1. If amide H atoms are built 1.01 Å from N in the plane of the peptide, which residues on other chains or at least 5 residues away come under 5 Å of the amide H of residue 92?
2. Can you return the lysines within cross-link range of residue 33? Criterion is Cα-Cα under 20 Å, with same-chain partners fewer than 8 residues away left out.
3. Work out from phi, with θ = phi - 60° and the Karplus expression 6.51 cos²θ - 1.76 cosθ + 1.60, the ³J(HN,Hα) of each residue of the stretch 50-55, listed in order in whole Hz, and give x for Gly and Pro.
4. How far, in nm, would the chain grow between residue 122 and residue 29 when pulled straight, counting 0.36 nm per residue and subtracting the alpha carbon separation?
5. Expressed in nm to one decimal, what extension gain is obtained for the pair residue 20 and residue 101 from 0.36 nm per residue of sequence separation less their Cα-Cα distance?
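FYI, it's all coordinate maths here, none of it is from the lab. Just so it is clear, the model here is predicted, and its values are computed rather than measured.
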Amino acid sequence: MEYAPLTLSSCPLSYLRLLDKVQNGAVRLIQLKSQHPITVLQPLQTRRNVGGLCVLYKIHKQQCAHLAALRLPPTRVPAYDTRESHNMEHQVTVPFAKTEQYLRSFLPHFSRLWNCMVRLTDIHQSTTPHQFELHINQWLQNQAI
């Protein structure tokens, strides 16, 4: 469930809620059988977002050959300076989506999330995928609050 953001991102929300119910049921079973209280697990949507952004990091920063088909072109840098123009070279072009299902699919959804992350933070300049994953996980948890 955690390592499939490419396929799960376009699922309807009702299907994703079913997966959340499975996780919540597992947490209740663990708490019943355990002597010690379990810490609350992250929501699956947060874990899917971390996984999807890590895939985009590998596509754009590490330039993995097996993910080259998913590479998005960078956004066009404006001719004049704006407050956000310093990070424009790291943003990607968001594909146009006509349907709601395609809007939720991997490229449109995670390219918008990537651009938001680039505008608000410098996490995209991490040197290793592990470091990127730790920082993006913390950023997404802070965004949920």
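1. Residues meeting the amide H criterion: 75, 115.
2. 21
3. Whole-Hz 3J(HN,Hα) from phi for the stretch 50-55: 4, x, x, 5, 5, 5.
4. Answer, rounded to one decimal: 29.5 nm.
5. The residue 20-residue 101 span can extend by a further 27.2 nm.
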